[in-house]
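Participant: Below you will find the structure I want to go over with you.
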Amino acid sequence: MEKYPARIVIYREGLNIAQRRMVVERELRPIYSMLAENSDKWGDIKITFIFVNKMSDTKIFKEYTASDDTEGIEILGPGINDMQPDSMTNVPPGSLIYRTLVSSREWDFYINSSHSEQGTCTPTHYVVAFDNAFLEPAILYKLTYNLTYLYFNNPRCIRMPAPLRNCVNMTNFVAKYLDSDPNKMLLYNNFSL
């Protein structure tokens with residue numbers, strides 16, 4: 001007997017707000033319609049659709065004080081022992097921001113998944129565009145962070161979930177080596193491959 005997943009989480013590379021609306025109309029709606037039309041065969045599959053923007057302009061710092069407990073946080077930058085109290089440092093890997101910096105109109109969050117040895121770390125911005133799976137936020141945050149460690153080409157974490165990074169690599173490969181024109185159904189009016 002065939003068994004289908006109960007929930008699907010789709011990560012989509014981030015776009016601006018106008019492009020997000022178009023992607024929801026042209027990509028998410030057909031997926032949702034197809035699942036609804038085949039619910040008798042596949043069952044009721046729920047979807048969580050997330051935009052991922054690793055090129056966020058947001059920078060996040062942690063205030064360093066002499067009384068901070070840094071046990072379990074390894075900071076490899078030079079001169080960390082010489083830092084003056086009340087100075088700023090990068091947030092540790094795995095830091096999650098889901099309040100204060102996020103939008104009040106949509107479900108979004110930031111995750112700093114990697115350590116920055118030089119300069120400032122830039123967290124990845126995630127926007128949940130659709131969620132009829134009603135995943136608990138803590139589960140979604142943990143899943144998203146854990147997926148940054150599953151990229152086959154890097155033993156450490158990367159800044160986006162590994163399935164999305166694999167997809168980006170495949171599209172870059174196809175764009176570089178495709179000899180014939182792509183199917184016209186794959187083209188958007190506003191984009192070119």
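The values are calculated or read from the model by the stated rules, or taken from the named source; none is laboratory data. Just so it is clear, the model here is predicted, and its values are computed rather than measured. No Cβ is skipped: glycine too gets one built from the backbone with ideal geometry, and neighbour counts run over all protein chains shown.
Participant: Please work out which residue is farthest from Arg165 (Cα to Cα), limiting yourself to the stretch 13-30 and to residues that are hydrophobic (A, V, I, L, M, F, W, C) and modelled with pLDDT of 85 or more.
Facilitator: Ranking the qualifying residues of the stretch 13-30, first place goes to Met22.
Participant: If a residue must be over 23 Å from Ala162 (Cα atoms) and of a type in the set (Val, Ile, Thr), how many such residues does the stretch 31-59 contain?
Facilitator: Residues in the stretch 31-59 being over 23 Å from Ala162 (Cα atoms) and of a type in the set (Val, Ile, Thr): 0 in total.
Participant: Given the condition part of a loop (DSSP other than H, G, I, E, B) and touching a Lys or Arg at 6+ places or on another chain (Cβ under 7 Å), answer yes or no: does some residue in the stretch 160-176 qualify?
Facilitator: Within the stretch 160-176, one or more residues are part of a loop (DSSP other than H, G, I, E, B) and touching a Lys or Arg at 6+ places or on another chain (Cβ under 7 Å).
Participant: List every residue pair whose Cβ atoms sit under 9 Å apart, with the two residues 6 or more apart in sequence or on different chains, where the first one lies in the stretch 40-56 and is assigned to a loop (DSSP other than H, G, I, E, B) and the second, anywhere, is aromatic (Phe, Trp, Tyr) and surrounded by 17 or more Cβ atoms within 10 Å (Cβ to Cβ).
Facilitator: Ser56/Tyr110
Participant: Is it fair to say Asn190 is modelled with pLDDT under 90 and more than 17 Å from the chain's Cα centre (by Cα)?
Facilitator: Yes: the conditions hold for Asn190.
Participant: Additional query: Pick from Ser67, Ser33: which is at pLDDT 85 or above and loosely packed, with under 12 Cβ neighbours inside 10 Å?
Facilitator: Being at pLDDT 85 or above and loosely packed, with under 12 Cβ neighbours inside 10 Å holds for just one of Ser67, Ser33, which is Ser33.
Participant: Among the candidates Thr122, Thr148, single out the residue that is at pLDDT 85 or above, of a type in the set (Ser, Thr, Tyr) and closer than 17 Å to Met55 by Cβ.
Facilitator: Thr148
Participant: Considering the stretch 129-152 alone, what residues qualify as being in a helix (DSSP H, G or I) and either in contact with a Lys or Arg (Cβ under 9 Å, 6 or more places away or on another chain) or not aromatic (Phe, Trp, Tyr) (or both)?
Facilitator: Once the filter is applied, which keeps residues that are in a helix (DSSP H, G or I) and either in contact with a Lys or Arg (Cβ under 9 Å, 6 or more places away or on another chain) or not aromatic (Phe, Trp, Tyr) (or both), the stretch 129-152 yields Pro137, Ala138, Ile139, Leu140, Lys142, Leu143, Thr144, Asn146, Leu147.
Participant: Same structure, new question: Could you tell me whether any residue of the stretch 1-12 is assigned to a loop (DSSP other than H, G, I, E, B), buried (at least 16 other Cβ atoms within 10 Å of the Cβ) and either under 24 Å from the mean Cα position of the chain (by Cα) or modelled with pLDDT under 80 (or both)?
Facilitator: no
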